[in-house]
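The values are calculated or read from the model by the stated rules, or taken from the named source; none is laboratory data. Since this is a predicted model, take the numbers as computed values, not measurements. Here Cβ is always computed from backbone atoms with ideal geometry, including for glycine, and neighbour counts include all displayed protein chains.
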Amino acid sequence: MSTSGLPDWPWAGLPTEALPTAERLILDAMRAWRTASAPLAAMRILLAAEDAAAAAPPLDALLRAAAIETGCPLCPQVRPQEAALLLACALAQRGARSEALAAMLRLLPLSSAYAAMPPAIHLGAALRRAGLLLRHPIREAMRPRPAARG
C-alpha cells in the first residue's frame, strides 16, 4: 500500500473524544485489555454497552497477536500504534485484506501480521453484526477538502 500523499496516519494524535463511536469503543476495549487483571471480562463489559460483546474474543486474539503499546484508559490522545491497529481493523472489516495486512505490517513482522489477520477479520464481522461500522479513514483523508471561503 503506497502512502505517498497521505497527510497523516488516520487517527494518530487525535483526541480520543473526537473518535467515531465504533473506533472509540475499540480503543477503550484495547486500553482496558492492557490494564485489567481479567482482560477478556473487562472488554466484554465495555463492548456489551453497544451490544458487541461477541467482539471480545476476536479482539482478545488480535491484541495477543499484535502486542502493541496502548495508552492508559484516561490518555487524552490516540497513540500511533493504536491508530495503526484501528486502521487495520477498519480495512479488514471493509474487506480490503491486502491493505489491512499492509497496515498490520507497520506494527508487526510478516508472520505476526499474517497471524493477526484472522482475528481482525472476525472482529470486523462481530462489530458489523452489532451494527458498528468502522470508518474508512484513508478514503476520508484523500477526499478533496472544500475551498475556504472568505
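Please go through the range 1-32 and pick out each residue that is at pLDDT 85 or above and buried (at least 21 other Cβ atoms within 10 Å of the Cβ). Within the range 1-32, Ala22, Glu23, Leu25, Ile26, Leu27, Ala29, Met30, Arg31 meet the criteria. Of the helices (runs of 4 or more DSSP H) contained entirely in the range 46-114, those carrying at least 1 residues that are farther than 16 Å from Leu27 by Cβ and touching an Asp or Glu at 6+ places or on another chain (Cβ under 7 Å) fall at 80-93.
Answer with yes or no whether Glu82 is crowded, with 18+ Cβ neighbours inside 10 Å, within 11 Å of the chain's Cα centre (by Cα) and among the charged types (D, E, K, R). The answer is yes for Glu82.
Note on the range 66-79: residues that are out of contact with any strand residue (DSSP E or B) (no Cβ under 8 Å at 6 or more places or on another chain) and modelled with pLDDT under 90 amount to 9.
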